[in-house]
Amino acid sequence: MRKPFIAGNWKMYKTAAQAVEFAEEFKKIYRPSDVRVAIAAPYTQLWALKKAFEGTGIGVAAQNMHWEDQGAFTGEVSAPMLKEIGVDYVIIGHSERREYFGETDDTVNRKVKKALASGILPILCCGESLKIREAGKEKLFVEGQIRADFDGIPAEDAVKITVAYEPIWAIGTGKTATPAQAQEMCAFIRDVLAGIYGEDVSEEIAIQYGGSVKPSNASELMDQVDIDGALVGGASLKPADFLEIVHF
Ligand code: PGA
């Protein structure tokens, strides 16, 4: 059975002190349930956040990493560095990284493989732009991303990946995909995965929806059969809002 998984994505917000402040406040109101919870924070906050969440079961995620363990890659951070400080998850291929930092399906695929080999669970993002959706090509596009990003990954590793379907037109715009639109694409992604790995494996892979998820729409999105969780940007920055989503 797939367990619901709600992850916050803080993007480039908060200092380490503000992250700890959030954690202390969140711990006061959070009650563990069968929902998996994690926060993806900037690198400088991860160590402090991991310590602040100790014993709560709340996971900590990086928002990117390099595919090599070490090397002359100024400004990059590697999987062993993240693993050493206890990072549980890593977001890979967020649309903002694809759009502004030259992330491609090839680099996404390498990073996902490295994360898996290092014992860090990948949250792999995919999703189409408004232009692609208006042209009616969103399924073709997302299928291409999924096939390229999972290329060469065996089934026993594929089940450790969480796919986050995030239509770019819904990110930070307040314009959420309708539950039906989100469900349709998440079901389609599961079909594509079933085509690659078989139905049993595809049924084990968690698929999140992301894009303007907020307390007021979380539960109807989470009610959809193929939506197993949410990747939450803006609404994860305040403890009370994030908690409401976690308790959808
Ligand atoms: P949003 O961001 O919830 O602010 O739309 C989601 C994301 O980019 O992961």
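Between segment 210-226 and segment 1-54, what's the alpha-carbon centroid distance in Å? So the separation of the two Cα centres works out to 19 Å.
Maximal additional length on extending the Val35-Arg110 stretch stands at 24.1 nm, based on 0.36 nm per residue less the C-alpha distance. Residue ranges 38-50, 219-231, 11-23, 178-190 sort as 38-50, 219-231, 178-190, 11-23 when ordered by packing (mean number of other C-beta atoms within 10 Å per residue, highest first). The trypsin sites (Lys or Arg not before Pro) of segment 66-148 that DSSP puts in a loop, and whose beta carbon has at most 15 other beta carbons within 10 Å, are Lys137. Helix-only arithmetic for the chain: the sum of -39500 (n - 2.57) across DSSP H runs with n ≥ 4, divided by the residue total, places the mean residue ellipticity at 222 nm at -12000 deg cm²/dmol. Each Cα pair under 8 Å and six or more residues apart adds its separation to the average, and for segment 5-246 the resulting relative contact order is 20 percent. So which aspartates and glutamates can Lys14 reach, going by Cα to Cα under 19 Å and dropping same-chain residues fewer than 8 places off? Reachable aspartates and glutamates: Glu24, Glu25, Glu96, Asp241. The stretch between Glu84 and Asp157 holds 24.2 nm of extra length on full extension. This uses 0.36 nm per residue minus the Cα-Cα distance. When both bridge partners sit in the chain, DSSP labels roughly 0% of those beta bridges antiparallel.
The loop-placed GluC sites (Glu not before Pro) in segment 34-128, going by DSSP, that have at most 12 neighbouring Cβ atoms within 10 Å of their Cβ come out as Glu54. A simple rule links phi to the HN-Hα coupling: the Karplus curve 6.51 cos²θ - 1.76 cosθ + 1.60 with θ = phi - 60°, which for segment 107-115 gives 5, 4, 4, 5, 5, 4, 4, 5, 4 Hz, with x for Gly and Pro.
The length gained on full extension between Thr15 and Tyr43, counted as 0.36 nm times the residue separation minus their Cα-Cα distance, comes to 9.1 nm. Using the Cβ-Cβ distance between Ala72 and Ala148 with R0 = 22 Å, the FRET efficiency computed as 1/(1 + (r/R0)^6) comes to roughly 0.25. Between Leu130 and Asp200, the FRET efficiency from the beta-carbon distance, with R0 = 41 Å, is close to 0.70.
Every number here is computed from the coordinates shown, using simple stated rules; none is lab data. The structure presented is a predicted model; accordingly, all values stated were derived computationally and were not measured. With ideal geometry, Cβ positions are generated from the backbone for all residues, glycine too; neighbour counts draw on all protein chains shown.
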